[in-house]
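Input: a single structure, listed below in structure tokens.
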Amino acid sequence: MKVDWTSERLNRYARQVNLTGFDLEGQERLYAAHVLVIGAGGLGCAAAQYLASTGVGTISLVDPDSIEASNLHRQILYRSDDIGRPKVEVAARVLQTMNPDILVHTYQTRFEAAWFEQYGEKVDVVVDATDNRQSREIIHQQCRQRLIPLIMGAAIRLEGQISVFTHQAGAPCFACLTQLFGETELSCVEAGVMPAVVGTIGSLQALEAVKLILGWPTMSAGELLLFDGRTSEFRVLKIARMPHCPVCGHEIDS
């Protein structure tokens, strides 16, 4: 998509257009892209904010919830006056105020298996910013069926993690990862969470989405990036495909 490069637009994106390997062509790729952000909580707010400021042309937000007081310490697009309002509506307003160049579509609903058929959205990248395993399994399944790159993030206590699924043959899937870690799942209500950790992971999700759109190298298949907020250390965990995985175990390596 060709962009009308007015002086105002050039000035807005000047600091990233000057990056080596980015230039105006990269900015036009971002402007032509459509990213689906599922979950408008802490991760989704951080990811959507940076996708918008970077100039991703279309962002779709999916979340059924309204804003509560307990959200405000980590969900940075919302203010006290927004309590009781739908998250996606408030987030869209803030994002489009931040960057009037972009489009923001809102869906105040839960992401279900039939979402793509129901709404007919064609997207380039999906950012999973949900907070429960059931939603992640559905999102992964739907993205895998359509070969849509998926960036998953999670944060709890002072720990966070991110993984990228591009669905290559032979690569481990989300089910391989969950089989490795087991069934235990904590929530922020039970265990608490540090806002800056949530923001760190959401920002990394946005970065990986931008890299996918630009065709830059991203995290490798089978890598889980772990962040420890107590020590401010990152480490990479290599995940192997489970031989008898119910999702990908039947596939033949390429």
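Only the coordinates and a few stated rules stand behind these numbers; no lab work does. From a predicted model like this one, the values you see are computed outputs, not experimental measurements. Every residue, glycine among them, receives a Cβ derived from its backbone with ideal geometry; neighbour counts consider all protein chains shown.
Just a few scattered comments:
- Qualifying GluC sites (Glu not before Pro) in the range 90-169, where qualification requires a DSSP coil assignment and no more than 16 other C-beta atoms within 10 Å, comprise Glu112, Glu121.
- Per residue of the chain, the DSSP helices (runs of n ≥ 4 H) give a summed -39500 (n - 2.57) that works out to -11500 deg cm²/dmol at 222 nm.
- Of all beta bridges that DSSP places with both ends in the chain, some 50 percent have antiparallel geometry.
- Taking Cα centre as origin and charging only the Cβ of basic (Lys, Arg, +1) and acidic (Asp, Glu, -1) residues, the dipole magnitude of the range 33-238 rounds to 300 debye.
- From phi via Karplus (6.51, -1.76, 1.60), per-residue ³J(HN,Hα) for the range 102-108 in Hz, x at Gly/Pro: 9, 10, 10, 9, 10, 9, 7
- Cα-derived Rg to Rh of the range 135-179, Kirkwood definition: 0.98
- Loop trypsin sites (Lys or Arg not before Pro), the range 1-106, which have at most 15 other Cβ atoms in a 10 Å radius of their Cβ (DSSP): Lys2, Arg79
- Sites Asn132 and Thr6, calculated FRET efficiency, Cβ-Cβ separation with R0 30 Å, nearest 0.05: 0.10
- For the range 1-104, the list of GluC sites (Glu not before Pro) that fall in a loop by DSSP and count at most 15 other C-beta atoms within 10 angstrom reads Glu68.
- Cα centroid separation - the range 22-51 against the range 132-162, whole Å: 17
- For Lys238, a cut-off of 14 angstrom between C-alpha atoms picks up these aspartates and glutamates, skipping any fewer than 8 places away in its own chain: Glu223.
- Build a GNM of the chain with springs between Cα atoms under 10 Å apart, and of Gly222, Gly192, Gly44 the one that fluctuates most is Gly192.
- Global dimensions of the range 33-238 from alpha-carbon coordinates: Rg and Dmax equal 15.8, 49 Å.
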